[in-house]
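Here is the structure we will look at.
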Amino acid sequence: MTMEWWWFRPARRRRSSTSPTSGKRLRRSSRRNWRLSSARRASTIHSTKTLGNSLKRRRASSLTDRRIEMARLPLASRDTTPAGQEAAFDEITQNGSAVPPYGPGSVMTHVPEASKHATALNQYLRNHASLPMKAAELAMLVAAREMDCQHIWNAHAASARDAGVPAAVVDAIRDKKPLPELAPDESAVINLGREILCNHQVSRGGYQSALEIFGQQGTIELTLVLGNYTMLAMVINTFETDLPPNRTDPLLQRIPG
């Protein structure tokens, strides 16, 4: 937009050697020009502000549209269910249960048979495993952080604190800062989780620490929790599922290393 900056300058008063009457006319003319210039200036400022506000509204609307369109899949429905999996879809949505609008369920319901089996493993690990809930929730956070998965982090950060993971430990994992002094169970979970997710191997020491604290069954379940939530993070990140509007924890920041 080209600004006509001359609007912002008052008319110059000309010097004249003419008669006093002529000088009065010039002064009146100068005052009229000044008032006209001031009116034009006010009009221009108003127009500029209006245009700026309009652009801000458009930009905000555009950002909202992008957030709405972020998820790469629409909500699943019975009409979009693969042939032969309608019964599984009906089982998932029985008793009036809605298709999840957020998280991995919003994706996996498109393949309801797979969703059923994934949910069964998740339910076992959360409700029937020998692994303490504190260790399980901490493992979920390790997987979420290493996978940069916003949804899992926001779904489990508060649960981990409620299960006994110190807030300082949660914050250090989130920000990838040096860890505070850890309890033995916290150290075992974090070390094993980071080793398998970052190095794709577990050292003898990392394995032995987990085995001594959680036993054979608990160590297997710990590994399953890490693997399960890594899989869920892959689903969430691949299909860019939306975050729920009632999230309470800060967003994860991409931190190299």
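None of the figures in this text is laboratory data; all of them are computed from the coordinates on show. Values in this document were obtained by computation on a predicted structure and should not be read as measured data. Cβ placement follows ideal geometry from the backbone for every residue including glycine, while neighbour counts extend to all protein chains displayed.
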Q. With r defined as the distance between the Cβ atoms of C198 and I220 and R0 fixed at 22 Å, what FRET efficiency is calculated, to the nearest 0.05?
A. 0.60
Q. Short version: ³J(HN,Hα) in whole Hz for each residue of region 161-173, in order, from phi by Karplus 6.51 cos²θ - 1.76 cosθ + 1.60 (θ = phi - 60°), x for Gly and Pro, what are they?
A. 5, 5, 7, x, 6, x, 4, 5, 5, 4, 5, 5, 5
Q | Environment charge at C198 (Cβ cut-off 14 Å; Lys +1, Arg +1, Asp -1, Glu -1) | A | 0
Q. Residues with beta-carbon under 15 Å from that of L211, excluding L211: net charge, scoring Lys, Arg +1 and Asp, Glu -1?
A. -3
Q. In debye, nearest 20: dipole of region 100-239 around its Cα centre with unit charges on the Cβ of K, R (+) and D, E (-)?
A. 160
Q) Which of the GluC sites (Glu not before Pro) found in region 169-198 are loop residues per DSSP with 15 or fewer other Cβ atoms within 10 Å of their Cβ? A) E181
Q. What is the calculated FRET efficiency for S77 to S130, with r their C-beta to C-beta distance and R₀ = 41 Å, to the nearest 0.05?
A. 0.60
Q) Based on the Cβ-Cβ distance from E181 to A158, what FRET efficiency comes out when R0 is 25 Å, to the nearest 0.05? A) 0.65
Q: Please express the shape of region 61-193 as an equivalent ellipsoid: the semi-axes are the square roots of 5 times the eigenvalues of the C-alpha gyration tensor, given largest first in whole angstrom.
A: 33, 20, 11
Q) How far, in nm, would the chain grow between D249 and N237 when pulled straight, counting 0.36 nm per residue and subtracting the alpha carbon separation? A) 2.5 nm
Q) Across region 203-208, in residue order, what do the Karplus-derived ³J(HN,Hα) couplings come to in whole Hz, using 6.51 cos²θ - 1.76 cosθ + 1.60 with θ = phi - 60° and x for Gly and Pro? A) 5, 4, x, x, 5, 5
